[in-house]
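Read-outs: derived from the displayed coordinates by stated rules, not from any lab. Treat the numbers as computed from the prediction; the structure is a model and nothing was measured. Note that each Cβ is placed from the backbone with ideal geometry, even for glycine, and that neighbours are counted across all protein chains shown.
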Amino acid sequence: HHQLLPKNCPKFFDIVRKAVTHKQLSTPTTAGAMLRLFFHNCMVGGCDTSILVTSNTFNKAERDAALECPGVASCADILAVAAHDLIVAVGGPTFDLRLGRKDSLESKATDPENQFPLPTMSLSEVIKIFTSKGFSIQEMVALVGAHTIGLSHFNQFSHRLFNFNKNSEIDPAYNPDYAAGLKKLCQNYTKDPSMSAFNDAITPTKFDNMYYKNLRKGMGLLVTDSAMFDDSRSRPFVDRYADDEKKFFQDFARAMEKLSVLQVKTEGKGEVRSRCDSFNTLNN
Ligand code: HEM
């Protein structure tokens with residue numbers, strides 16, 4: 001399914017796949033962290049690693065690829081291939097990846113606030129961000145199915161569990177049993193703010209359509225997750241994907257192909273960075 005091999009480096013895909021699959025086996029949080037990093041990278045100014053990748057889940061793939069193929073694959077390409085391979089490793093669909101992204105020469109001055117969705121935003125605001133990047137509501141719902149894996153820190157949702165509003169201690173969008181479970185898990189949160197919960201409480205490490213089934217049961221962790229089901233603009237797609245995993249995989253794969261080429265830089269507009277955590281020249 002990969003059409004373009006980087007020049008002079010036929011082993012590129014093997015190298016990245018081996019590195020990330022090993023990492024996933026030893027550190028099962030890798031897939032979620034990398035997928036979110038990839039999403040973030042492509043949404044904010046295009047898939048050009050204008051955010052410097054310091055994540056140590058990425059280090060081995062980067063180092064191995066750079067050793068075997070110096071100057072060939074950009075950090076943006078390595079990140080895309082790593083995210084793809086990790087999705088496949090945890091049971092998700094494959095998709096086509098084009099290569100040849102260049103890395104950004106500088107960190108973006110543009111304000112990421114308006115380009116990246118936050119759980120504190122209304123669904124209308126979230127839809128606006130996806131639409132501005134060329135995604136339909138259906139594609140947005142398919143992409144957020146990525147929350148079938150990975151973790152969220154408590155500060156992203158704890159307000160839904162304590163003093164939610166005047167009328168209710170707990171966000172009524174939550175299933176009461178689910179909320180009680182989260183609350184128990186949350187007990188020591190003020191002492192340990194690094195605590196997190198699985199986005200998908202039922203099959204947390206498997207890439208499947210459980211996220212959508214959870215939404216129908218009031219088990220969406222973030223406010224924006226619950227909103228996907230509560231809002232009539234997105235609910236039909238939640239229902240569709242909850243009922244049909246094959247359809248979810250197809251639509252997720254197409255949407256990922258689209259995400260992976262958002263505003264990419266090509267020849268002349270960027271560099272192949274030798275280290276993904278710094279720019280080649282430090283003049284900016
Ligand atoms: C609808 C808009 C979205 C919002 C508001 C949102 C927000 C969030 C938040 C707040 C977290 C928790 C971060 C943390 O506490 O460390 C998270 C986790 C995650 N998100 Fe999203 N997200 C959205 C869409 C997406 C999309 C489209 C993808 C990928 C295609 C994605 C992939 C992930 C993954 C994989 C994680 C788990 C990260 C980990 O395990 O470290 N999200 N998201």
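Okay, here's what the table says:
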read-out	value
Equivalent ellipsoid semi-axes, the chain, via Cα gyration tensor eigenvalues times 5, rooted, Å	33, 19, 19
Least to most buried among K133, K206 (fewest other Cβ within 10 Å first)	K206, K133
For the chain, cysteines whose Cβ has no other cysteine Cβ within reach (under 4.7 Å)	C186
Mean separation of Cα contacts under 8 Å (6+ apart) over length of segment 12-110, as relative contact order %	38
Two-site label geometry, Q263 and K206: point separation in nm, points 7 Å out along Cα→Cβ	3.8
At R0 = 30 Å, FRET efficiency that the Cβ-Cβ distance of E68 and Q115 yields, to 0.05	0.35
Most to least packed among 139-147, 191-199 [average Cβ atoms within 10 Å]	139-147, 191-199
Two-site FRET efficiency, H159 against D243, from Cβ-Cβ distance with R₀ of 25 Å, rounded to 0.05	0.20
Segment 85-145 shape via C-alpha gyration tensor axes, a/c threshold 1.5	oblate
Percentage, to the nearest whole number, of Cα pairs in segment 12-110 over 20 Å apart	31
Cβ-based exposure ranking for L118, L37, in which fewest neighbours within 10 Å come first	L118, L37
21 Å Cα-Cα reach of K191 towards lysines, excluding residues that sit fewer than 8 places from it in its own chain	K183
J(HN,Hα) series, segment 81-94, from Karplus relation 6.51 cos²θ - 1.76 cosθ + 1.60, nearest Hz, glycine and proline x	5, 4, 4, 4, 5, 6, 4, 5, 4, 9, x, x, x, 7
Exceeding the 24 Å Cα-Cα cut-off - candidates K11/K102; K206/K265; K102/K247; K23/K184; K133/K247; K133/K217	K206/K265; K102/K247; K23/K184; K133/K217
Mean Cα-pair separation over length for the chain, i.e. relative contact order, pairs under 8 Å, 6 or more apart, %	27
Interchain or long-range residues, amide H under 5 Å from K265's placed H	K102
Theoretical gain in end-to-end length, S278 to T94 [0.36 nm per residue, Cα-Cα removed]	63.2 nm
